[in-house]
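The next block holds one structure in the form of structure tokens; read it before the comments.
The values are calculated or read from the model by the stated rules, or taken from the named source; none is laboratory data. The structure displayed is predicted, hence computed values, not measured ones. Note that each Cβ is placed from the backbone with ideal geometry, even for glycine, and that neighbours are counted across all protein chains shown.
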């Protein structure tokens, strides 16, 4: 998998949010949620430093605290499919267009057996749905894909983030968000 896009544009700002993803992508200070990806290297069998994961860092208040030091691992073997058409520049008025064009990819990314090239992490959280959900740890699978030249805008690239239930307290909490790599 080519990780150069992730390395060259390590900061991700989130605009589009739907479903339960809104609760996972918050900026407590009122600004857009935003985080940085910092490559983590390991020396391979040939003595070469190779990126094996990305740490997540962010300014206080830009993401929920359970994102601190989250590790994303590159996985998958199938290149990310291209969207059927370019997305318009983001605005809340365009949320329906984004949802329509991104939903097929979101469905593929939520599948347990997806082979799409992505960064993936396990996000621990407690939910606020019931007395049980407030005590029982839930793990969400967070998957990100980098879409080159997907937006008809000065910055044509987009990162799509998808959340899906992995284990713990069971509730319909799948969601998605996207935003430009900066």
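Being within 14 Å of the chain's Cα centre (by Cα), farther than 24 Å from residue 151 by Cβ and in contact (Cβ under 8 Å) with a residue 24 or more places away in the chain holds for only one residue in 105, 71, and it is 71. Of all the numbered requirements in (1) within 22 Å of residue 122 (Cα to Cα); (2) without any contact (Cβ under 8 Å) to a residue 24 or more places away in the chain, residue 94 misses one, and that requirement is (1).
Considering the stretch 124-153, and only residues there that are modelled with pLDDT under 90, within 18 Å of the chain's Cα centre (by Cα) and surrounded by fewer than 17 Cβ atoms within 10 Å (Cβ to Cβ), the residue that is farthest from residue 64 (Cα to Cα) turns out to be 139. Summed over the stretch 93-143, residues that are part of a loop (DSSP other than H, G, I, E, B) and more than 22 Å from residue 6 (Cα to Cα) total 15. Evaluated against (1) assigned to a loop (DSSP other than H, G, I, E, B); (2) modelled with pLDDT under 80; (3) closer than 23 Å to residue 54 by Cα, residue 165 falls short on exactly one condition, (1).
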